[in-house]
Amino acid sequence: LTAEPAAGKTCLMSQLVMHTLRREESDLVPILIKVQDLQRRLLTEANAAIFGRAWNWVDAYLRCVHGTDSGLHRMLRQALCARRALILLDGIDEGGKRREEIERHVVEVLAPQGHLMVVTSRPNGLREDQFREHFVHVRLEPLSDEQQRAVITQRVGTGERSAQLTEYVRERVPRGADGQRVTGNPLMLSMVISIFESRQKGDVGGAMPATIAELYEIAARTMLERVDRKERGAAASVTAVPHLTGLLEAAFFQAHCAQARQIEDVHLHRALLAMFAPEKLVAMDGVGKQLL
């Protein structure tokens, strides 16, 4: 299952868990694993023996999380052995240093063992050829105009305020390269609604961003603050956001120089060198078009 960042992949996985548990006729047991967490446990030396001896890494992960002798682990292991587990791997493209090993384990071990799986990834992070034999590729579509109106009504309520925001989304919100409004992304729509509500309460007369640049500037700043607050806490976030903004701007600049529409690892690496070791970047470019 692929979709753009913040398009609802993780939310959909949570919905799969809830729907699976509620269906009386289903005997499936959902097991949700964030691949980022799986990678973290794979990198922990204390877990090396567990992953090395396990019949698959899902079982090893469950041992690390719940304990080898716990009743919960025994129950989940039994579901795996009976092929009654629905394995939900969220963010296969977020495997970090162990990404290739995790992908290989999914297609060469878990799939041949006959486990039922749903795997999520961002489109540009999917190595489709690797998954073609055992998987069906589906895409999560953006929110339709009707769905966007429904979300606005649910968040803002009915009446004049809802109509005002709906008109703004319909008439003023920019469209992407695919022709879809950017609010087709659930996170961006939520961001627009939050901006609308905050400006309605503030002293700016309820004015919404008048340009694409202003809308994206507010959204980017808010997201950086939210992500860093989640990772580091509110106090550390205040000082860290300017550094994150600088790195983001440098990465954008490197992608722009390369005439690339998508930011890849090489652009991020070059941005880091430009910020902290410019002499290495100059030397690298002097040798030729050498990738990191």
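The values are calculated or read from the model by the stated rules, or taken from the named source; none is laboratory data. Since this is a predicted model, take the numbers as computed values, not measurements. For neighbour counting, all protein chains shown are included, and Cβ atoms are generated from backbone atoms with ideal geometry for every residue, glycine included. With ligands, DNA and RNA removed, areas are computed over all heavy atoms of the protein, side chains included. Shrake-Rupley method; radii C 1.70, N 1.55, O 1.52, S 1.80 Å.
At-a-glance table
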{"read-out": "Boolean, VAL138 is surrounded by fewer than 11 Cβ atoms within 10 Å (Cβ to Cβ) and in contact with a Leu (Cβ under 6 Å, 6 or more places away or on another chain)", "value": "yes"}
{"read-out": "Condition met for MET18 (within 28 Å of ARG139 (Cα to Cα) and either without any contact (Cβ under 8 Å) to a residue 24 or more places away in the chain or acidic (Asp, Glu) (or both))", "value": "yes"}
{"read-out": "Segments classed as helices (runs of 4 or more DSSP H), wholly inside segment 8-99, with at least 1 members that are within 17 Å of SER121 (Cα to Cα)", "value": "9-22, 35-42"}
{"read-out": "Set GLY114, GLY96: member being open to solvent by less than 60 Å² (accessible area, probe 1.4 Å) and in contact with a helix residue (DSSP H, G or I) (Cβ under 6 Å, 6 or more places away or on another chain)", "value": "GLY96"}
{"read-out": "Hits in segment 61-79 (condition: crowded, with 16+ Cβ neighbours inside 10 Å and under 18 Å from ASP37 (Cβ atoms))", "value": "TYR61, LEU62, ARG63, CYS64, HIS66, HIS73, LEU76"}
{"read-out": "Selected residue (criterion: most open to solvent (accessible area, probe 1.4 Å)) from residues of segment 80-89 that are out of contact with any His (no Cβ under 6 Å at 6 or more places or on another chain) and within 19 Å of PHE51 (Cβ to Cβ)", "value": "CYS81"}
{"read-out": "Hits in segment 100-123 (condition: of a type in the set (A, V, I, L, M, F, W, C) and assigned to a helix (DSSP H, G or I))", "value": "ILE102, VAL106, VAL107, VAL109, LEU110"}
{"read-out": "Hits in segment 45-60 (condition: open to solvent by less than 70 Å² (accessible area, probe 1.4 Å) and closer than 20 Å to VAL106 by Cβ)", "value": "ASN47, ALA48, ILE50, PHE51, GLY52, ALA54, ASN56, TRP57, VAL58, ASP59, ALA60"}
{"read-out": "Subset of segment 161-173 [assigned to a loop (DSSP other than H, G, I, E, B) and open to solvent by less than 20 Å² (accessible area, probe 1.4 Å)]", "value": "VAL173"}
{"read-out": "In segment 244-287, the residues that are among the β-branched types (Val, Ile, Thr) and out of contact with any helix residue (DSSP H, G or I) (no Cβ under 6 Å at 6 or more places or on another chain)", "value": "THR245, VAL266, VAL282, VAL287"}
{"read-out": "Top-ranked residue of segment 142-160 - restricted to ones that are assigned to a loop (DSSP other than H, G, I, E, B) and among the polar types (S, T, N, Q), ranked as nearest to MET191 (Cα to Cα)", "value": "SER144"}
